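A short write-up of the structure that comes next.
The values are calculated or read from the model by the stated rules, or taken from the named source; none is laboratory data. Remember, it's a predicted structure, so these values are computed and weren't measured experimentally. Here the Cβ positions follow ideal geometry from the backbone for every residue, glycine too, while neighbour counts run over all protein chains shown. All accessible areas refer to the heavy atoms of the entire protein, side chains included, with ligands and DNA or RNA removed. Shrake-Rupley method; radii C 1.70, N 1.55, O 1.52, S 1.80 Å.
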Amino acid sequence: YARVSPKHKNMIVKDIKPIPQAMDKSFRYIGDQWAGDFHLNLQLPGIFKELLQNDTLIDSKTGIRMDLLELVELEGGIEILINIEHQSTKLDPIKIRIIDGYKNYSKCKHNLPVLSVIVTPFRKEDQEMEYRATESDILQPVFITIDDKEIEKRLNMLKDNYKNKEIENHIVLNIAIIAIFVLNNKYE
C-alpha cells in the first residue's frame, strides 16, 4: 500500500509496481552519471578510474547487456575491471551464464581480470552463486545485498546527515539506491 497526493490523503493504492525495467534503467543511470560516487557507495575495492562502454555486448534477441563496467586501480597500480549487475530477481542458472559471458567478453576485449558484482535485494544463499564454464573457468560473483536491513542502515545514514550542508554525493545517492531496491510490498 502507498499513500497518494495530499488531495487524496485518505486514499490508499494497492499493489504498486514499478514500470517494467524502470529499476534497471535507474541503476544504470546512477552508475553512469555518478560512477565514482556509486563505486564508493557500494564500497567496491580499489579506486574508480573510468566507466567503460558497456553496450558493445548486446543480444539482439533479448536486449540483454552489461549494466556497468568500471576500470579500477587496486593497490600497487594493478588495474582490473568490475562488472556491476543490478539483479531485481534471484540470480538463476541462465542469468549467471550470461554474466559469465560478460566476464569473458570484457576480459578478452580489455585484457584485464574481471570482478563480477551482483547488487540485489535477495540473500546470496537464495541465488545461483557459481557458474563453471570449464573446470578452471569458474565465475563466483560477489554479492551486495540491499535488503530491508541494509535499507534501514542507509536511511539512518541519510537521517544522520540531512542537515549537513557538506554531505558527500556517495551518501546522497542512497536516496536513489533505496528507491531501486525496496521490494514492491514495501513501497509505503
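Determine if the stretch 70-82 includes at least one residue that is in contact with a Leu (Cβ under 8 Å, 6 or more places away or on another chain), among the β-branched types (Val, Ile, Thr) and more than 21 Å from Gln33 (Cβ to Cβ). Within the stretch 70-82, one or more residues are in contact with a Leu (Cβ under 8 Å, 6 or more places away or on another chain), among the β-branched types (Val, Ile, Thr) and more than 21 Å from Gln33 (Cβ to Cβ). Taking the criterion of being closer than 20 Å to Ser88 by Cα, open to solvent by 30 Å² or more (accessible area, probe 1.4 Å) and either within 18 Å of the chain's Cα centre (by Cα) or of a type in the set (Gly, Ala, Ser) (or both), the residues of the stretch 131-142 that qualify are Gln140, Val142. Taken over the stretch 148-166, the residue count meeting the criterion of being closer than 16 Å to Glu125 by Cβ and surrounded by 15 or more Cβ atoms within 10 Å (Cβ to Cβ) is 1.
When the stretch 106-130 is limited to residues that are of a type in the set (S, T, N, Q) and open to solvent by 10 Å² or more (accessible area, probe 1.4 Å), the one that is farthest from Asp147 (Cα to Cα) turns out to be Asn111.
Here is the figure for the stretch 65-105: residues that are in a loop (DSSP other than H, G, I, E, B) and open to solvent by less than 50 Å² (accessible area, probe 1.4 Å) total 4.
State whether one or more residues within the stretch 53-63 are part of a helix (DSSP H, G or I) and more than 14 Å from the chain's Cα centre (by Cα). No, every residue in the stretch 53-63 fails to be part of a helix (DSSP H, G or I) and more than 14 Å from the chain's Cα centre (by Cα). The set of residues from the stretch 106-156 being aliphatic (A, V, I, L, M), without any contact (Cβ under 8 Å) to a residue 60 or more places away in the chain and outside any helix (DSSP H, G or I) comprises Leu112, Val114, Ile118, Met129, Ala133, Ile138, Leu139, Val142, Ile146.
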